[in-house]
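Structure first, commentary second.
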Amino acid sequence: MTISEILDRLKTGNDRFVADQKDGKLQDSARRTELVSGQAPYAIILSCADSRVVPELAFDTGLGEIFVVRVAGNVANSSSIASIEYAVAHCGSSVIVVLGHQSCGAVTAAVAGGNNGYNINHLLAHIAPAIDACGEGAAIADVVKKNAELTAGDLMSRSSIISDAVNKGSVKIVPAYYNLDSGKVDFL
Amino acid sequence: MENLNVATTQTAETQAALTADMAIHLLKDGNARFVSQQPIERDLSAQVEQTATGQYPFAAVLSCIDSRIPTEVIFDQGIGDIFNARIAGNFVNEDILGSLEFACKLAGSKVIVVMGHTSCGAVKGACDHAKLGNLTQMLDKIMPAVDSVQTAEGEARNSSNPRFVNEVAARNVELTIEKIKSESPVLNELFEAGTINIVGAMYDVKSGKVSFI
């Protein structure tokens, strides 16, 4: 599949999800058997851990179609970047979607500030650049979108495996925004 | 325990009524439906609307990014049911621990399931001591599991040996659970108080079955 075919596949899958017309394909035992020896997913989604943002449902994909990295706030750290490198270098995935979402709890907590304990503080620190870039009083939605864009940039600047593939044209990184109230994904 | 198999959208009330054991039961039942190819009919659009203003997930799952293992599909769950952290090799770092703390402390999940799987690419990479970019550092997180699995004399300790690979994956789950307890005072406190349980599981990519360990 070409990059534009993959993006079309994700968009039409999301249209089906929004219309509650999922095809539910590629989820049976025959598909499992096909994939026992290996996988070749066409896309990687870096998404939030939020229980309402389920990439495989939101894009109506089956087994073996997309890699999914999930961490609160869909942030890039060395491990999420390494996970994406694995997909790019070993599995030939060619679209990376950084998927933020409406009313993200991690972004909201980062904007609110305060001490949330060592681990959550560590997590929320990744979101600080987006907050700074948006300025004081910015809407959460704008910070979420900025965070997705800056995270896409982080993938480029912190990984030569990813940036080489993007510069060669074999991989594309796309920031996106999931609307919690409609299920619609807006590609930014 | 009746009505647990009905596709309901989790609310503050339904979540509060669940125990950790019931949450595990929901996941086991859902996986059995996936294996037998009898998923529940869900009105996902209605679930999107019902959860737009808040989430009340009953479980938090830490699993691998593998495209063959969409968590909600293999547990036959819908929107708002599972708080899901995914990283290649399903280990923990500060940000994953922060995500799990968020899931249990703030979003009210009753159980954390650390789920490894058979034929895991990240585990194979660790078994082979693969080195490449950021992957090198990531695979280091799995090395304690690699080092602690015994092999018979002459038995291969690399990805050519599926028994070794799958044992390492299971061991990695156990070590990750220990790490959650030792490196997250927040989660350890919830566990010690009996508010949450922390359990391990292995997914078989061939059968689709999840075995809780």
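The values are calculated or read from the model by the stated rules, or taken from the named source; none is laboratory data. Since the model is a prediction, treat every value here as computed from it, not as a measurement. A quick note on method: Cβ atoms are made from the backbone with ideal geometry, for glycine too, and the neighbour counts reach across all protein chains shown. We work out accessible area using only protein heavy atoms, side chains counted, and drop any ligands, DNA or RNA first. Shrake-Rupley method; radii C 1.70, N 1.55, O 1.52, S 1.80 Å.
Under the convention that each Lys and Arg Cβ holds +1 and each Asp and Glu Cβ holds -1, the size of the dipole of chain B around its Cα centre is about 480 debye. For chain B, lysine pairs with C-alpha atoms less than 20 angstrom apart, excluding pairs fewer than eight positions apart on the same chain, total 12. Springs join every pair of Cα atoms under 10 Å in this Gaussian network model of chain B, and among B:E167, B:E49, B:E94 the largest mean-square fluctuation is at B:E49. What is segment B:2-212 by shape, rounded, prolate or oblate, if you read a ≥ b ≥ c off the alpha carbon gyration tensor as root eigenvalues and call it rounded for a/c under 1.5, prolate for a/b larger than b/c, and oblate otherwise? Prolate is the answer for segment B:2-212, as a/c is 1.5 or above and a/b outweighs b/c. Averaged over the residues of peptide A:52-63, the number of Cβ atoms from other protein chains lying within 10 Å of each residue's Cβ is 6.
Note on B:A46/B:E153: beta-carbon distance plugged into 1/(1 + (r/R0)^6) with R0 of 56 Å gives a FRET efficiency of 0.40. Ranking A:L123, B:A201, B:H129 by how far each Cα lies toward the positive end of the dipole of the protein assembly as shown (charges on Cβ) leaves B:H129 at the top. If you sort A:R158, B:R42 by accessible surface, 1.4 Å probe, largest first, the order is A:R158, B:R42. Charged side chains reduced to their Cβ positions (Lys and Arg at +1, Asp and Glu at -1) give segment A:26-168 a dipole of some 120 debye around its Cα centre. Counting Cβ atoms of other protein chains within 10 Å of each Cβ in B:171-182 and taking the mean gives 0. To the nearest 10, the accessible area of B:T14 is 50 Å² with a 1.4 Å probe.
Around the amide H of B:I198, modelled in the peptide plane, lie the amide H atoms of B:I112, all under 5 Å away and 5 or more residues distant in sequence or on another chain.
Of the residues A:L124, A:L188, ranked by 1.4 Å probe accessible area with the largest first, the sequence reads A:L188, A:L124. The mean sequence distance of close C-alpha pairs (under 8 Å, at least 6 residues apart), as a share of the length of chain B, puts its relative contact order at 22 percent.
At a probe radius of 1.4 angstrom, the accessible area of chain A per residue rounds to 36 square angstrom. Figure note: B:K124, B:K206 ranked by solvent-accessible area, largest first, 1.4 Å probe, ligands and nucleic acids not counted: B:K206, B:K124. For segment A:142-149, backbone phi angles converted through the Karplus equation (6.51, -1.76, 1.60; θ = phi - 60°) give residue-by-residue couplings of 5, 5, 4, 5, 5, 4, 5, 5 Hz, Gly and Pro being listed as x. Annotation for segment A:127-146 versus segment B:43-62: alpha-carbon center distance of 25 Å.
Here is the interface size for A with B: some 4600 Å² of accessible area buried, both sides summed, with a 1.4 Å probe. Computed from phi, the 3J(HN,Hα) profile of segment A:51-68 under the Karplus parametrisation 6.51, -1.76, 1.60 (θ = phi - 60°) reads 5, 9, 10, 10, x, 5, 7, 5, 9, 6, 10, x, 6, x, 9, 9, 7, 10 Hz, with x in place of Gly and Pro.
Does the protein assembly as shown come out rounded, prolate or oblate by the C-alpha gyration tensor, with a ≥ b ≥ c the root eigenvalues, rounded set by a/c under 1.5 and, if not, prolate when a/b is larger than b/c and oblate if not?
Rounded, since a/c falls under 1.5.
Heavy-atom surface analysis with a 1.4 Å probe gives chain A a carbon and sulfur content of 49 percent of its accessible area. For the pair A:A128 and B:A130, label points projected 7 Å from Cα toward Cβ lie 3.4 nm apart.
Taking chain B as a Gaussian network of alpha-carbon nodes connected by springs under 10 Å, the highest mean-square fluctuation of the residues B:L135, B:L100, B:L26 belongs to B:L135.
Cross-link partners for A:K145 among the lysines, with Cα-Cα distance under 19 Å and sequence neighbours closer than 8 places in the same chain left out: A:K11, A:K172, A:K184. What segment B:2-212 shows is 39 Å² of accessible area per residue, with the surface traced by a 1.4 Å probe over protein heavy atoms.
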